[in-house]
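So the structure is just underneath, and the comments pick up after that.
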Protein chains: 2
Amino acid sequence: MGSEKRNLDELFGRVTEYFSPRIVGAVDGVYIKVVKVKGQDVPWHTHDGQDEMFFVVAGALTVELEGRNPVVLNVGEFVIVEHGTRHRVFSEEECRVMLIENKDTVHTGDVLAAITKSVAEQLDPGEP
Amino acid sequence: MGSEKRNLDELFGRVTEYFSPRIVGAVDGVYIKVVKVKGQDVPWHTHDGQDEMFFVVAGALTVELEGRNPVVLNVGEFVIVEHGTRHRVFSEEECRVMLIENKDTVHTGDVLAAITKSVAEQLDPGEP
């Protein structure tokens, strides 16, 4: 991806599907991804050895962590779900989220769901 | 830092010094940091084995990569400076940047500068 300038609006503009993360960069062992969320399609799941950051760029995202009250993230807010923490996310209206997660992380964790995408499927076709 | 919700405006509000990154989270091997930039205090430097992401949250940041034209990042834009790429950043007016970089990265790379801060100095005192 070669140290090129990238624009989040443009990157989100290419995303046509909900719950389908697109890899837009890599920093050492983690991927930077963009994902649009609308609805309640993400199952409860856990990443045993990996943290996962949700940073809201537009709209609002609800993050549920097992055994706690749901947290609503608005624009400019983030949560880092620590490894081993069972969680799910949803949004009534469309929202735009930057995800930061380990290159090895399966975005639906230990659960294979209808929305589960492989890393190959997450690679931005606009990228070399 | 325990999967708590965090707000960028609040985090930047605690930053009183330019060129002084504050660690506001960790995702596996990388730190998430916030830094205010104003001026030309960052020397040209290189991180040999580590990538570094600059994501602009407010204002505009100029990123210079050796041998290329300078790149101006506005709000919502980012560059991932690949490891081994000599670079420096500056801003005429105050800007707010989210940094994503390896836990081992020295923010001024191979160059010890007046602004160089250790990781201990970058830890947010508001954090447990």
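The values are calculated or read from the model by the stated rules, or taken from the named source; none is laboratory data. Everything numeric here is computed off the predicted structure, so don't read it as measured data. Counting neighbours? That spans all protein chains shown, and the Cβs are built from the backbone with ideal geometry, glycine included.
Residues that are among the small types (Gly, Ala, Ser) and farther than 12 Å from B:GLU121 by Cα within the stretch B:8-24 comprise just one, B:GLY13.
Here's a check for you: in the stretch A:48-101, which residue that is touching a Gly at 6+ places or on another chain (Cβ under 6 Å) and facing chain B (nearest Cβ under 10 Å) is nearest to A:GLU10 (Cα to Cα)? The residue in question is A:ILE80. Residues in the stretch A:72-92 that are aliphatic (A, V, I, L, M) and closer than 19 Å to A:GLN50 by Cα were compared, and the one that is surrounded by the fewest Cβ atoms within 10 Å (Cβ to Cβ) is A:VAL81. Listed conditions (1) of a type in the set (A, V, I, L, M, F, W, C); (2) within 19 Å of A:THR116 (Cα to Cα); (3) surrounded by fewer than 16 Cβ atoms within 10 Å (Cβ to Cβ) are all met by A:CYS95, apart from (3).
Specify the residue that is farthest from B:ARG22 (Cα to Cα); the eligible residues are those in the stretch B:74-128 that are assigned to a loop (DSSP other than H, G, I, E, B) and polar (S, T, N, Q).
Taking the stretch B:74-128 first, the residues assigned to a loop (DSSP other than H, G, I, E, B) are B:74-76, B:82-86, B:103-118, B:124-128.
Retained after the next criterion (residues that are polar (S, T, N, Q)): B:74, B:85, B:105, B:108, B:116, B:118.
Numbers: B:ASN74: 21, B:THR85: 23, B:THR105: 13, B:THR108: 14, B:THR116: 12, B:SER118: 11 Å.
Ranking the qualifying residues of the stretch B:74-128, first place goes to B:THR85.
When the residues of the stretch A:18-36 are narrowed to those that are over 13 Å from the mean Cα position of the chain (by Cα) and part of a loop (DSSP other than H, G, I, E, B), which ends up surrounded by the most Cβ atoms within 10 Å (Cβ to Cβ)? Ranking the qualifying residues of the stretch A:18-36, first place goes to A:ASP28. Being β-branched (Val, Ile, Thr) and modelled with pLDDT under 95 holds for only one residue in A:VAL63, A:VAL56, A:VAL97, A:VAL106, and it is A:VAL106. How about the stretch A:37-71: which of its residues are in contact with an Asp or Glu (Cβ under 6 Å, 6 or more places away or on another chain), in a strand (DSSP E or B) and surrounded by fewer than 16 Cβ atoms within 10 Å (Cβ to Cβ)? Matches in the stretch A:37-71: A:LYS38 only. Return yes when A:VAL42 is without any contact (Cβ under 8 Å) to a residue 60 or more places away in the chain and in contact with a Phe, Trp or Tyr (Cβ under 9 Å, 6 or more places away or on another chain) and no when it is not. Answer is no for this residue.
Which residue is farthest from B:GLU77 (Cα to Cα), if the candidates are limited to the stretch A:31-44 and must be among the β-branched types (Val, Ile, Thr) and at pLDDT 95 or above? Only one residue tops the list, namely A:VAL37. A:ASP41 passes every criterion in (1) of a type in the set (Asp, Glu); (2) under 14 Å from the mean Cα position of the chain (by Cα); (3) within 14 Å of chain B (Cβ to nearest Cβ) apart from (3).
Considering the conditions (1) among the β-branched types (Val, Ile, Thr); (2) within 21 Å of A:LYS5 (Cβ to Cβ); (3) within 11 Å of the chain's Cα centre (by Cα), B:VAL106 is excluded by exactly one of them, (2).
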